[in-house]
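The values are calculated or read from the model by the stated rules, or taken from the named source; none is laboratory data. What you are looking at is a predicted structure, and each value in this text was computed from that prediction instead of being measured. Backbone-built Cβ (ideal geometry, glycine too); neighbour counts: all protein chains shown. When the accessible area is computed, the model is the full protein with side chains, heavy atoms only, and any ligands, DNA or RNA have been set aside. Shrake-Rupley method; radii C 1.70, N 1.55, O 1.52, S 1.80 Å.
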Amino acid sequence: MMPPRTIVALDLSAPIGSAAWLERGEIVAEVEWSQPPRDNRAAFDHLRALLFSDGRHPDRVDLWAVGRGPGSYSGLRIALAAIRMFAAPLARPTVGVDSGLAIADELLMRLPVDAAVVAGDARRGLAWYGRVRRTDAGDAELCGTWSLCPIGELDSKVPPAGCGASAEWSRLALAAGLSAVDGRWWPEDLVPRARHLARRAEMLGRDGGPLPPANPIYLQPPVAGVADARSGAPEA
Amino acid sequence: MALMLGIETSCDETAAAVVETGGRIRSNVIYSQIVHHAPYGGVVPEVAARLHAERLPDLIEEALRRAAVEWGDLAGVAVTSGPGLATSLLVGVAAGKALALRLGRPLWSVHHLMGHLESVFHDPAATVEDRVARGVVLLVSGGHTCMVRVGGGSEPQLIGTTLDDAAGEALDKAARILGLGYPGGPAMEAAAREGNPTAMEFPRGGMEEGDLPPGSGLRPDLCFSFSGLKTSLLYRHREAVRCGRVLRVADWAASYQEAVVDALALRVRRAVEEVRPAFLGLGGGVARNERLRGRIAEEAARAGCRCLVAPPELCTDNGAMIAAAALAGRGTIADPPEALEIRPNWPLRG
């Protein structure tokens, strides 16, 4: 496959949705919006604007990237269905990129730390989290896997001299009893910006290897208390 | 000739189809999730939603391949926007919106039961005249049980509904009590073939005025209730086991199925006497039940009207009925497509 020149990325894993159009290495258009749970009107309104304005058209897209979480399961599924359908008519490839790494990219742009934790409320008294480190290139790399922990233990996952970040900080802080006063947590919501997904997708496409599938990351089994042998969800 | 893509994800079947104007089905692809829900004894919404997201895009492509049509050949996209499981509907509606946007084609919103209603007109015996004739249609599935009056130049009108369980749900629950597995409907029917339907007497679920929601406008004698029937089976079966009585599962299944079918047929008879239709229709997943098909045919013959039954392949949830419903005008165009919202509790009008 030729390295992709035009990439569209979409993330619906968090309360703020994001989509971006990357062309020849530059982000030429980007939209963000607030989305109530299960209401995707705004997402499609913004996608129409992104895909059909200023000479842009879906036929020009070489690669479609989607945020695969962790995050809102409904959001992940809507984004996946949409991206697969946008790509289908010209049989263009799709790729899944971890939304959590987009949050980490955003944090590392703002803060000179080398290690961090990205986290979110996983409901049922649990939090999801992933430890990341800064690579030589300056972007974030996941250390291990995305995992679950009791929400009360989340604060202990932040590395020494590191920082924690979330796309829904205020909600998580309340649920987990976290404080940003000592600088251990970034004190506002960090959006998993689609521009980071697009850049990561570009790198994956440039490698020429098989692209990671556009599958959502499900950390919880589909039925509370019952392991899901089928989904292949990462270990908690 | 226009080609419509139909998408259906309201419950535990992931489905897509391509249908021509006039109703010819070019492809009808269904992925049944039953094997994934069976360990839980019923449909698990989160399992269903995950499977819809995983399977639907490939299924849509397969529907186009089997229909031998290109994306640009589609004149529109039709999708079930309700009623159904919210998280499942979201997947189908998102796919429909994205395709409509991508292709620049209209997006049709279709009520799930209008799809089942449309499938009745795919009975090989159906004629063009039937589409405008006055009819009574019984729609029975695992999630719905209702009677609809159609024709006469007006919109389909709900004239009877269940106030608790759907008929298919009642059969599923009975199968679980009797240890027949999931899905219960086919298992009950298979067991019932070897049993005596008069071995036991079960209630037929009579309704009274006060049982209906205020302002429903429905007649209680045309409405259904299956929760008492299920409870009756549960307690009688439990008592029989406790007393060590010899149980013949086939007799339990036959007697219970007879009560379900009888309760449905009794309301249908009343509706037919009231409406005096030109035809009596039957659709939905439970319409595959041979005993029910036979009883509805008997009721039609008794009333001297035609009987139209959905073909077996269109009884379970499928995309063809959704596309065909849109082509037949049983839906509305979402304009713009992105404005379409799911309606998990979308009622039929009485």
*asked:* Using the Cα centre of region B:1-79 as the reference point, and only Cβ charges (+1 on K/R, -1 on D/E), how large is the resulting charge dipole? Debye, rounded to the nearest 20.
replied: 160 debye
*Minimum 50 Å² accessible area buried by the other protein chains, region B:37-59 residues, probe 1.4 Å, relative to alone*: B:Tyr40, B:Glu46, B:Arg50, B:Ala53, B:Pro57
*Whenever you get a sec, compute what percent of the accessible area on region B:133-309 sits on carbon and sulfur atoms (1.4 Å probe).*
48 percent
*Considering only DSSP beta bridges whose two residues both sit in the protein assembly as shown, what percent are antiparallel, to the nearest 5?*
65 percent
*Starting at the first residue of region B:277-288, write each ³J(HN,Hα) from the Karplus equation 6.51 cos²θ - 1.76 cosθ + 1.60 with θ = phi - 60°, in whole Hz, x for Gly and Pro.*
x, 7, 8, 10, x, 9, x, x, x, 6, 5, 6
*asked:* I need the semi-axes of the equivalent ellipsoid of chain B: take the C-alpha gyration tensor, multiply each eigenvalue by 5, square-root it, list largest first in whole angstrom.
replied: 34, 24, 18
*asked:* Defining a contact as two alpha carbons under 8 Å apart and six or more residues distant in sequence, what relative contact order in percent does chain A show?
replied: 24 percent
*asked:* With a 1.4 Å probe and all protein chains left in place, how much of the accessible area of chain A comes from carbon and sulfur atoms, in whole percent?
replied: 52 percent
*What is the distance, in nm, between label points placed 7 Å from the Cα along the Cα-to-Cβ direction at B:Arg245 and at B:Glu298?*
2.5 nm
*What's the angle, to the nearest 10 degrees (0 to 90), between helix B:249-275's Cα axis and the longest principal axis of chain B?*
60 degrees
*Would you kindly state how much longer the chain becomes between A:Arg110 and A:Ala42 on full extension, computed as 0.36 nm times their sequence separation minus their alpha carbon distance, in nm to one decimal?*
21.7 nm
_Considering only C-alpha atoms, what is the centroid distance from region A:13-48 to region B:18-68, in Å?_
28 Å
*Say a paramagnetic label sat at a point 7 Å from the Cα of B:Ser32, along Cα to Cβ; which residues of region B:280-295 have their backbone N under 20 Å from it?*
B:283-294
_Whole-Å semi-axes of the protein assembly as shown's equivalent ellipsoid (Cα gyration tensor)_ = 49, 29, 19
_Let me check against my output: what whole-number percent is the relative contact order of region B:133-309, with C-alpha pairs under 8 Å and at least 6 apart?_
29 percent
*So what is log10(I(q)/I(0)) for chain A at q = 0.09, 0.12, 0.13, 0.17 1/Å, when the Debye sum runs over its Cα atoms only?*
-0.35, -0.64, -0.75, -1.25
*Note down the nm distance, to one decimal, between modelled labels 7 Å out along Cα→Cβ at A:Arg5 and at B:Ala339.*
3.8 nm
*Just flag the GluC sites (Glu not before Pro) in region B:122-211 sitting in loop per DSSP whose Cβ has no more than 14 other Cβ atoms within 10 Å.*
B:Glu194, B:Glu201, B:Glu208
*Loss of accessible area when B meets A, both sides summed, Å² nearest 100, probe 1.4 Å*: 3000 Å²
*Compare each residue of region B:311-350 in its chain alone against the assembly with all protein chains, and report those whose accessible area goes down by 30 Å² or more; 1.4 Å probe, heavy atoms.*
B:Glu338
*DSSP beta bridges in chain A, what fraction antiparallel, as a percent rounded to 5?*
70 percent
*Where in chain A are the DSSP H helices whose C-alpha atoms run 18 Å or more along the long axis and whose mean Kyte hydropathy is at least 0.5?*
A:73-87
*Using Cα pairs closer than 8 Å and at least 6 residues apart in sequence, work out the relative contact order for region B:215-350, in percent.*
21 percent
*Any idea what angle helix B:167-177 forms with the longest principal axis of chain B, computed on alpha-carbon atoms, 0 to 90 degrees, nearest 10?*
50 degrees
*asked:* Using a probe radius of 1.4 Å on heavy atoms only, what accessible surface per residue do you get for the protein assembly as shown? Whole Å² is fine.
replied: 40 Å²
*So how far, in whole Å, is the C-alpha centre of region A:138-179 from the one of region A:77-114?*
20 Å
*Viscosity 1.306 mPa s, temperature 10 °C, Stokes-Einstein D of region A:100-176 from Kirkwood C-alpha radius, µm²/s*: 129 µm²/s
*asked:* Give the separation of the Cα centroids, region B:85-133 to region B:147-169, in Å.
replied: 18 Å
*Complex-versus-alone comparison for region A:81-108, residues with a loss of 40 Å² or more in accessible area, probe 1.4 Å*: A:Ala81, A:Arg84, A:Met85, A:Phe86, A:Ala88, A:Pro89
*In nm, to one decimal, how far is the modelled label at B:Arg24 from the one at A:Glu26, with both set 7 Å along Cα→Cβ?*
5.2 nm
_Most positive-pole-ward Cα, A:Ala161, A:Ala137, A:Leu80, against dipole of region A:72-178 from beta carbon charges_ = A:Leu80
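May I ask you to compute the full-extension gain from A:Val181 to A:Leu90, defined as 0.36 nm times their residue separation minus their alpha-carbon distance, rounded to one decimal in nm?
Contour length minus the Cα-Cα distance gives 27.7 nm.
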*Counting pairs of Cα atoms in region B:133-309, how many percent are more than 30 Å apart?*
18 percent
